[in-house]
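Here the structure is laid out as structure tokens; the discussion comes afterwards.
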Amino acid sequence: MPVAPEAYQGAVRQTRRAALSLAAIAALALAAWHAAPGLAAAGEIGVLLALALAGFMVTRLATGTPDPRSTVRDLARVWAAVALWGVPALVVVILAVLLAGVMLSPPSDLHGQAWTALWTAAGTSGTELIKQGAYEPEAGGDLLMHGWLLGAAAQLAVGWTVVVTVLRRLGLGRWVAAVTGIGAVASLALDIMMRRQGFDLQAFYLAPPRAWPFLVGAAAALVDLKPSRAAGGRLGPIPDVLERLGVIALPFYLWAWPLLAFPRLVLARPLTGLETVAALAGALLLAEATHRWVESPLRRRLRDRPLASLGATAAALATVGAIAATIFAMDGLPGRATAEVRAEEAGMDQRPPLSGDCHTEGEAIPPAIGCTVPAGADARVVLWGNSHASHLGPAVFAWGRERGLAVRQATRSGCLPVLSEAGGLADEACVHFNRAAIEAWGRGEPPDVILVGAAWTLMIDRAGLGSEDGLEVMTRGVDGMIDALRASVGEEARIVLLGSTPDYRFSPAACHARRAFLGLDTVRCDRAPADNAALAAAVDAALEGIAARRPGVSVFRPWIALCDGAMCRTRSAATPWYADANHLTEAGGLAQLEALRPVLNDAVSAGPR
């Protein structure tokens with residue numbers, strides 16, 4: 001498909017207005033998702049629109065009149081335009097987040113923000129955010145997590161301009177359209193394949209599976225423009241408003257999330273409607289100021305100076321990266337905090353003792369050597385499931401020491417102990433792990449007690465299932481798992497199903513540290529209603545129903561150790577029990593011992609050995 005220059009001024013204006021209007025819609029959709037996390041569909045539309053517009057813009061630049069002097073100068077021309085569009089606002093927002101963190105955030109928070117700021121400045125924050133788990137604005141505490149989108153767009157822009165420029169330099173410009181189509185199809189196939197294999201986070205964050213909307217925009221940019229009969233005409237009052245918002249769409253998007261997230265982190269609750277409107281209004285004002293006093297002057301000064309533009313933006317990003325790296329290396333400047341705050345943050349980091357070596361991300365179960373307490377003993381008790389089984393490890397190991405029984409842990413992140421992918425509660429790799437675990441428990445002398453635990457409510461929510469459907473799928477999965485266990489280890493082994501742990505929309509320990517750092521009361525962090533209370537009650541009832549009709553199966557409910565009615569404790573007088581919004585610290589796991597002991601004693605007493 002030949003590339004036609006935009007020779008008609010009316011068409012140029014109409015195209016610009018349409019692009020800016022779509023940029024405004026993308027920014028509004030993304031802001032709506034961050035303001036009301038239930039609007040995930042709007043967020044996905046916003047992401048796709050933003051990447052498609054980036055592909056359109058970059059392709060129009062790359063297929064413009066080439067620089068006759070060299071390929072490098074031709075690339076610099078395009079990259080400079082992209083950099084001047086995206087870097088100034090990004091640098092301003094990163095610096096503002098770091099400065100606000102120095103004044104208002106405790107060391108652990110600032111340390112984390114600095115780490116994300118470093119990778120955001122490098123354009124690769126998506127690879128780091130994968131380690132944090134699902135992209136959840138409702139519970140997200142990273143003020144720069146939304147910067148991954150710019151990084152992915154920048155990576156695609158750099159790679160795509162190289163492809164287009166090289167093809168044109170080789171006299172193969174007619175192949176650009178074909179390469180666009182092939183690339184879009186390949187990227188979409190990769191996206192679908194990764195999601196089907198359970199790599200949803202990688203498909204969300206990484207550039208290759210996100211290339212297809214970018215290339216769809218690129219394809220649109222290759223379409224010939226025709227003369228506009230309404231050259232210079234108006235598109236109506238609503239598009240006028242959208243066009244103006246489109247001009248500041250990027251800084252608005254960058255400012256909106258920190259202004260929405262930081263108050264919520266300090267208040268430890270969702271924002272009210274009025275508070276949300278105020279935060280978005282503040283983002284609009286800051287976006288306008290950023291555009292007027294930062295973006296526009298830089299663009300005017302550096303216009304038609306691609307090498308200077310690249311040098312200036314690279315220096316700005318390097319400076320921001322150096323500041324972030326310094327703050328990170330200095331552990332978030334701990335001298336700003338009191339001993340109480342530092343102790344709280346240290347307690348958050350005390351994870352269960354075997355969670356490093358015996359809690360895996362892969363399909364193979366961790367070996368018995370190193371994952372049995374005491375080491376080298378023949379394990380009579382097995383702790384199996386996902387991280388919500390792992391964080392009960394301290395109580396299970398303590399009980400095992402009391403009874404003289406060795407305990408083996410084998411847990412996998414995000415993996416419900418079921419043997420089917422039906423309903424989306426488990427992926428293929430998780431099913432392989434579970435089958436390998438059941439086969440391993442049946443080798444040699446079977447264990448006396450098998451404890452099976454998981455983040456039941458969290459996985460049902462993430463699968464997008466309603467309460468009724470999720471409970472039905474979960475019950476079938478647990479029944480099938482018990483049947484497979486019985487077939488492998490025999491009818492004699494006792495099975496203890498570990499129920500739901502209370503979880504929250506905020507990290508209780510981080511909340512305590514933030515409010516203590518600012519001199520505010522911490523009561524709302526230390527004792528609060530759990531976010532998953534209704535679903536947890538239904539899940540635990542379903543597990544107890546399974547136990548009632550399956551001989552040799554019992555249930556332990558972490559809820560009874562932590563909650564009294566609607567309110568749940570998140571810490572002892574001196575030590576946090578939560579490492580984040582839903583995972584227990586070592587102290588939190590050990591706090592379950594008194595409630596767990598009688599359940600496990602009954603299981604052992606009822607066994608044949």
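The values are calculated or read from the model by the stated rules, or taken from the named source; none is laboratory data. The model shown is predicted, which means the values in this text are computed figures rather than measured ones. Don't worry about glycine lacking a Cβ; one is built from the backbone with ideal geometry, like all the others, and counts go over all protein chains shown. Remember, those area values only see protein heavy atoms, side chains included, never the ligands or the DNA or RNA. Shrake-Rupley method; radii C 1.70, N 1.55, O 1.52, S 1.80 Å.
Of all residues in the stretch 58-80 being without any contact (Cβ under 8 Å) to a residue 24 or more places away in the chain and open to solvent by 40 Å² or more (accessible area, probe 1.4 Å), which is farthest from Ala221 (Cα to Cα)? If you could, list the steps in order and put the result at the bottom.
Taking the stretch 58-80 first, the residues without any contact (Cβ under 8 Å) to a residue 24 or more places away in the chain are 67-70, 72.
Okay, now just the ones that are also open to solvent by 40 Å² or more (accessible area, probe 1.4 Å), so 68-69, 72.
Values: Pro68: 22, Arg69: 25, Val72: 23 Å.
My answer is Arg69.
Pick from Ala547, Ala573, Ala561: which is surrounded by fewer than 22 Cβ atoms within 10 Å (Cβ to Cβ), assigned to a loop (DSSP other than H, G, I, E, B) and small (Gly, Ala, Ser)?
On the way: Ala547 fails: assigned to a loop (DSSP other than H, G, I, E, B); Ala561 fails: assigned to a loop (DSSP other than H, G, I, E, B).
The conditions single out Ala573.
Considering only residues that are under 17 Å from Asp540 (Cβ atoms) and outside any helix (DSSP H, G or I), which ones fall in the stretch 585-602?
If the condition is that a residue be under 17 Å from Asp540 (Cβ atoms) and outside any helix (DSSP H, G or I), then Gln592 is the only one that fits.
Could you please give the count of residues in the stretch 326-360 that are touching a His at 6+ places or on another chain (Cβ under 7 Å), modelled with pLDDT of 95 or more and either open to solvent by 70 Å² or more (accessible area, probe 1.4 Å) or over 30 Å from Gly519 (Cβ atoms) (or both)?
Summing the residues that are touching a His at 6+ places or on another chain (Cβ under 7 Å), modelled with pLDDT of 95 or more and either open to solvent by 70 Å² or more (accessible area, probe 1.4 Å) or over 30 Å from Gly519 (Cβ atoms) (or both) in the stretch 326-360 gives 1.
Can you name the residue in the stretch 397-413 that is within 15 Å of Ala437 (Cβ to Cβ) and not hydrophobic (A, V, I, L, M, F, W, C) and is also modelled with the lowest pLDDT among such residues?
Selected residue: Ser413.
Can you say whether Val87 is aliphatic (A, V, I, L, M), in a helix (DSSP H, G or I) and at pLDDT 90 or above, as far as the supplied structure shows?
Details: aliphatic (A, V, I, L, M): yes; in a helix (DSSP H, G or I): yes; at pLDDT 90 or above: yes.
Judged against the criteria, Val87 is a match.
Could you list all residues from the stretch 35-44 that are under 25 Å from Ala83 (Cα atoms) and either of a type in the set (Gly, Ala, Ser) or modelled with pLDDT of 95 or more (or both)?
Taking the stretch 35-44 and keeping what is under 25 Å from Ala83 (Cα atoms), we get 43-44.
Gly43 - this is the single residue of the stretch 35-44 that is under 25 Å from Ala83 (Cα atoms) and either of a type in the set (Gly, Ala, Ser) or modelled with pLDDT of 95 or more (or both).
Answer yes or no: is there a residue in the stretch 99-109 that is part of a helix (DSSP H, G or I) and closer than 18 Å to Gln202 by Cα. Break it down stepwise before answering.
The first filter runs over the stretch 99-109 and keeps only residues part of a helix (DSSP H, G or I), leaving 99-104, 107-109.
So of that shortlist, the ones also closer than 18 Å to Gln202 by Cα come out as none.
No, that holds for no residue.
Across the stretch 524-542, what is the total count of residues that are open to solvent by less than 40 Å² (accessible area, probe 1.4 Å) and of a type outside the set (A, V, I, L, M)? Full working, then the answer.
Filtering the stretch 524-542 for residues open to solvent by less than 40 Å² (accessible area, probe 1.4 Å) gives 525-526, 528, 530, 532, 535-536, 538-540, 542.
Next cut, of a type outside the set (A, V, I, L, M) only: 525-526, 532, 540.
Count: 4.
Please work out which residue is farthest from Asp521 (Cα to Cα), limiting yourself to the stretch 304-325 and to residues that are part of a helix (DSSP H, G or I) and open to solvent by 70 Å² or more (accessible area, probe 1.4 Å). It would help to see each step written out before you state the result.
Within the stretch 304-325, the subset part of a helix (DSSP H, G or I) is 306-325.
From what's left, open to solvent by 70 Å² or more (accessible area, probe 1.4 Å): 307, 319.
Numbers: Leu307: 53, Thr319: 37 Å.
Restricting to residues being part of a helix (DSSP H, G or I) and open to solvent by 70 Å² or more (accessible area, probe 1.4 Å), the top hit is Leu307.
Which residue is farthest from the chain's Cα centre (by Cα), if the candidates are limited to the stretch 36-51 and must be crowded, with 22+ Cβ neighbours inside 10 Å and of a type in the set (Gly, Ala, Ser)?
In this case the residue turns out to be Ala50.
Which residue out of Gly55, Gly10 is open to solvent by less than 10 Å² (accessible area, probe 1.4 Å), in contact with a Pro (Cβ under 9 Å, 6 or more places away or on another chain), modelled with pLDDT under 90 and of a type outside the set (Phe, Trp, Tyr)? Spell out how you get there, then give the answer.
Details: Gly55 fails: modelled with pLDDT under 90.
Unique residue meeting the criteria: Gly10.
Among the residues of the stretch 307-315, is there at least one that is β-branched (Val, Ile, Thr) and within 30 Å of Val78 (Cβ to Cβ)?
yes
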